Amino acid sequence: MHRMRSSPSSSNRYSARNMANPINFFCLAHEAQSVSVVGDFNDWRSHTHPMQRQADGSWHLQVPLYHGHHHYHFLVDGKPALDPRAMGIARNEKNERVSLIAVS
């Protein structure tokens, strides 16, 4: 009996670990002029993921993130702010408090 062997790359091509999931970020900062999401997924760059102001004054952005735990925070008018809706709080490499999200 002959068995077909699949290569590891073809069987894992569509696994959850290899696909980015769209993650919605929301920030309540009605008075802010600008809000962005910064984190380990964008090398903490402030201009990579600017959020869009919504009609109610909140801010929203959808970011594709890969499987795993990610550290992030919001930059509200240039000042870091934790996400009260985050899954938890962690410390970054500078020992600063950051928000935590787990993507599966």
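The values are calculated or read from the model by the stated rules, or taken from the named source; none is laboratory data. Computed from a predicted structure; not experimentally measured. For neighbour counting, all protein chains shown are included, and Cβ atoms are generated from backbone atoms with ideal geometry for every residue, glycine included. Keep in mind that these areas ignore ligands, DNA and RNA; they rest on the heavy atoms of the full protein, side chains included. Shrake-Rupley method; radii C 1.70, N 1.55, O 1.52, S 1.80 Å.
Worth pointing out:
- Close amide-amide hydrogen proximity is noted between Ser34 and Asp77, each under 5 Å apart and 5 or more residues distant or on a separate chain (H modeled in the peptide plane; Pro and chain starts excluded).
- Ordering Phe74, Phe26 by accessible surface, largest first, gives Phe26, Phe74; the 1.4 Å probe counts only protein heavy atoms, with every chain in place.
- Shown are Tyr66, Tyr72, whose ranking by accessible area with a 1.4 Å probe and every protein chain present, most to least, is Tyr66, Tyr72.
- Model label sites at Asn21 and Asn95, defined 7 Å from Cα along the beta-carbon direction, differ in position by 3.3 nm.
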